[in-house]
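Since the structure comes first, as structure tokens, the remarks are kept for the end.
The values are calculated or read from the model by the stated rules, or taken from the named source; none is laboratory data. What you see is a predicted model; the values in this text were computed from it and never measured. We place every Cβ from the backbone using ideal geometry, glycine too, and count neighbours over all the protein chains shown.
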Amino acid sequence: MNDETPEPVRVAMERARAAGFAYSCEPAVGRLLATLAAGVPEGGRVLEIGTGAGVGLAWLVSGLLPRADVTVTTIECDLGRAELVTNGDWPGFVDLRSGDALDLLPGLGAFDLVFADAEAGKQVGLELTIAALSPRGVLVVDDMVPAPAVVWDAEFARRQEAVRRTLLGHERLVAVELAGHGSGVILATAR
């Protein structure tokens, strides 16, 4: 993948800007997602928890195209954002879901790549997200360090630290913390 921003990502970034959505996936994390998506096995399944304005989804799609042998399921709890993203021009392999990830996760099956980018499935219900990993499935969790202009309140910092400890110490995962990558990433693979 070169340094140019892929077209699906440019479109999603414009959608986020127009909607005033300020919490989109950072380019460094997005390129990681695209790279990992490119390695998803034939017939594989990808899950994104927290669609937002679709920027992370666009990075995943850009790593998969021109393939069409995969399924990308993305979940957004905010109905307005879900509708905004639904109006995008997505490949047929994208499955957009709106609802609470904690309610949806148990019925979705197993995934080869999971991007947990929402409170549900990360700070709350992390075990459901881990359970959704196929053997050798990869989990990406971002926003693990505060942005330079952001100060986490004590409760949010405590919850993020609990996520960090769980991922780095979970018996089912082999994990690494990439604190200097984008918004801080923990990358884990299911045993």
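Points to keep in mind about this one:
- For the stretch 1-52, a residue qualifies if it is under 19 Å from Gly184 (Cα atoms), free of Cβ contacts under 8 Å to residues at least 60 places away in the same chain and assigned to a loop (DSSP other than H, G, I, E, B), and the qualifying residues are Ala22, Tyr23, Ser24, Thr51.
- Residue count, the stretch 163-174 (criterion: part of a helix (DSSP H, G or I) and surrounded by 12 or more Cβ atoms within 10 Å (Cβ to Cβ)): 5
- Subset of the stretch 53-100 [surrounded by 24 or more Cβ atoms within 10 Å (Cβ to Cβ), in a loop (DSSP other than H, G, I, E, B) and among the hydrophobic types (A, V, I, L, M, F, W, C)]: Ala53
- Filter pass, Arg45 being of a type in the set (D, E, K, R), surrounded by 15 or more Cβ atoms within 10 Å (Cβ to Cβ) and modelled with pLDDT under 95: no
- Of all the residues in the stretch 175-191, those that are assigned to a strand (DSSP E or B) and surrounded by fewer than 20 Cβ atoms within 10 Å (Cβ to Cβ) number 6.
- A count restricted to the stretch 124-148 and to residues that are assigned to a loop (DSSP other than H, G, I, E, B) and surrounded by fewer than 16 Cβ atoms within 10 Å (Cβ to Cβ) stands at 3.
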